[in-house]
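Enquirer: The structure under discussion is supplied below as structure tokens; questions concerning it will follow.
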């Protein structure tokens, strides 16, 4: 394999395996910073060895083994000064094996899902809510501070500070990296669900880079959602989120065209939608609604996705029902983003001028000032209203604001094609 191909293979494997690697190492060391350092050390070793020896058959396992061994060596070199490591070693109670063997056996003991344990730990009440989400997106989603800032409509420096403070709080509290039980689990659930939701959203609509979708992140969020549903089978909020993710993920294969360009839901080839995921999503939604969760934020969004999933032809979409669901969602969880999507729905249900009237009500909202979808939506509504020359500057503004290269190219194409009077 050529050196550049090996380089790409290493980067791809590390990006995929990084969350599991850090979760496993955090459980072993009890320290997030140390876990990230050990993961990075494993990557450096891979960069040195794989070009010479080739990519191993199980690259993820190779990275995990190397990182764990480095961690075990670090524990040995500290000579068990850290009390937590000493307690862990004494608790193993098996003197027939070396300390390294005992620690490695403990790490490999699958008591709880390590990724889920890391999320619940990062969502501990000692950490402010916004920092909980930022930290977990960094550790589990592998998102950069820039990507998290875009998800939060915040600044990179603010997000970086939140992550640093969160890590310090975890280190000071010396928390066990485990899934809590009973009331403590319920108390942290809202934050956990928000984390999983944002991880999925980053995969479904990438905020930066060269790709419009990041299926690995979607798959990871779905996996975590299924684990949560297994832990809390009667919790409508969990089922609502799982339904939303399954239904949205069913469209992933059709969201981009052959050249990687974005395809709107109304123009997608519905034969490419995953019917199994649709059935799973519908089942989870029905269960959430039967448990009294029909007006939950995730269940309402899942109901919106279900409006698309139920019809085989785009012209049969019930836009009036979608507009009504957005009205309910706005009452349940008011936000400028919901208002923006509501404007789109009303524009489809009652005409573009109705959508433009709603856009005018949120045009000056501070958090939307640099949000690319706002001018993009306005451009689309103006185009559909026949005001095509007015649409062009809004598409161009959206292209300047987005950090996703494919999205920018699409918006500039719209500006050229749609921004002229016919």
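The values are calculated or read from the model by the stated rules, or taken from the named source; none is laboratory data. Predicted model only: the values in this text are computed from it and were never measured. Cβ: placed from backbone, ideal geometry, glycine included. Neighbour counts: every protein chain shown.
Enquirer: If you go through region 360-395 one residue at a time, how many are free of Cβ contacts under 8 Å to residues at least 24 places away in the same chain and surrounded by fewer than 21 Cβ atoms within 10 Å (Cβ to Cβ)?
Expert: 9
Enquirer: Identify, from the list 252, 137, the residue that is assigned by TED's automatic domain parsing to the domain that holds residue 283, within 29 Å of residue 288 (Cα to Cα) and under 15 Å from the mean Cα position of the chain (by Cα). Give the steps one after another, and end with the answer.
Expert: Working: 137 fails: assigned by TED's automatic domain parsing to the domain that holds residue 283.
Unique residue meeting the criteria: 252.
Enquirer: Here is a follow-up. List the helices (runs of 4 or more DSSP H) that sit entirely inside region 109-202 and contain at least 1 residues that are under 20 Å from residue 39 (Cβ atoms) and at pLDDT below 80.
Expert: 114-122
Enquirer: Here is a further query. Tell me, which residue of region 301-332 that is part of a loop (DSSP other than H, G, I, E, B) and loosely packed, with under 15 Cβ neighbours inside 10 Å is nearest to the chain's Cα centre (by Cα)?
Expert: Keep residues of region 301-332 that are part of a loop (DSSP other than H, G, I, E, B), which gives 310-313, 317-318.
Now narrow it down to the ones that are loosely packed, with under 15 Cβ neighbours inside 10 Å: 310-313, 318.
Working: 310: 25, 311: 27, 312: 28, 313: 29, 318: 28 Å.
So the residue we want is 310.
Enquirer: Please verify whether region 212-223 includes one or more residues that are within 26 Å of residue 182 (Cα to Cα) and surrounded by fewer than 20 Cβ atoms within 10 Å (Cβ to Cβ).
Expert: Yes; the residues of region 212-223 include at least one that is within 26 Å of residue 182 (Cα to Cα) and surrounded by fewer than 20 Cβ atoms within 10 Å (Cβ to Cβ).
Enquirer: Does region 275-286 contain any residue that is surrounded by 19 or more Cβ atoms within 10 Å (Cβ to Cβ) and either over 23 Å from the mean Cα position of the chain (by Cα) or assigned to a loop (DSSP other than H, G, I, E, B) (or both)?
Expert: No, the conditions are met nowhere in region 275-286.
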